[in-house]
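Below is one structure, written out as structure tokens; comments come after it.
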Amino acid sequence: MCMLTDSLPAAGPAPEASAFTMEDKAVSAEEEEVFSPEELMRRAIALSVESVAQGGGPFGAVIAREGKIIATGANRVTLDCDPTAHAEIQAIREAARRLGTFDLGGCEIYTSCEPCPMCLGAIYWAHLDRMYYGNSKKDAAAIGFDDAYIYEELDRNPASRRLKSEVLLPDEAIEAFRAWEKKEDKTEY
């Protein structure tokens, strides 16, 4: 059952676990402070610990540029009834919103755990320069967050995957691609 609540904000101050509270919503006070990679990772870890205490999953993420925090995120999957509300996705969405761009080049992500395939894909699409993580995907699997089958599925031919899928109306679907290809004023990403 989902727990819809506003108790976990997307952002908050303080790089140390002992000083951090999820109710602190603004990153703005920290925007001029410069933190070391270790302090930024401690912030991501603090977010993950606090997320568990608030009923979320055990994951937190911080996006920074030149040591300055741009955005943070905590896992809200069960709290928001949203299977995409992973900490990294939350942080990427907030950083893009704050910076006014989908290209987060020049930024780094600090995440409490090695990202799942969805989050890793989003990190690449966001063009983040570097990723730091605390726990490994093996650590995550040991507590029930095993993404190995997704990686295996990605290597399979679509017809051989567990998720049954088939091509449907490709002649109609290709029209959007043709329009995109011809569009002279498109914003590529």
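The set of residues in the range 179-189 that are surrounded by 10 or more Cβ atoms within 10 Å (Cβ to Cβ), within 29 Å of the chain's Cα centre (by Cα) and not aromatic (Phe, Trp, Tyr) contains only 186. Among the residues making up the range 163-178, those that are more than 27 Å from the chain's Cα centre (by Cα) and open to solvent by less than 90 Å² (accessible area, probe 1.4 Å) are 170, 173, 174, 176. Only residues in the range 167-189 that are in contact (Cβ under 8 Å) with a residue 60 or more places away in the chain and within 26 Å of residue 157 (Cα to Cα) count as the first member; pair them with residues that are open to solvent by 100 Å² or more (accessible area, probe 1.4 Å) and in a helix (DSSP H, G or I), Cβ under 6 angstrom, at least 6 apart or cross-chain, and list the lot. Hits for this filter: zero, empty list.
Among the conditions (1) modelled with pLDDT under 95; (2) β-branched (Val, Ile, Thr); (3) not in a loop (DSSP other than H, G, I, E, B), residue 187 misses just one, which is (3). Taken over the range 99-131, the residue count meeting the criterion of being free of Cβ contacts under 8 Å to residues at least 40 places away in the same chain and either on the phi < 0 side of the Ramachandran plot or of a type in the set (Val, Ile, Thr) (or both) is 18.
The values are calculated or read from the model by the stated rules, or taken from the named source; none is laboratory data. Just so you know, these numbers come straight off a predicted model, no measurement behind them. No Cβ is skipped: glycine too gets one built from the backbone with ideal geometry, and neighbour counts run over all protein chains shown. Side chains included, ligands, DNA and RNA excluded: accessible areas come from the protein's heavy atoms. Shrake-Rupley method; radii C 1.70, N 1.55, O 1.52, S 1.80 Å.
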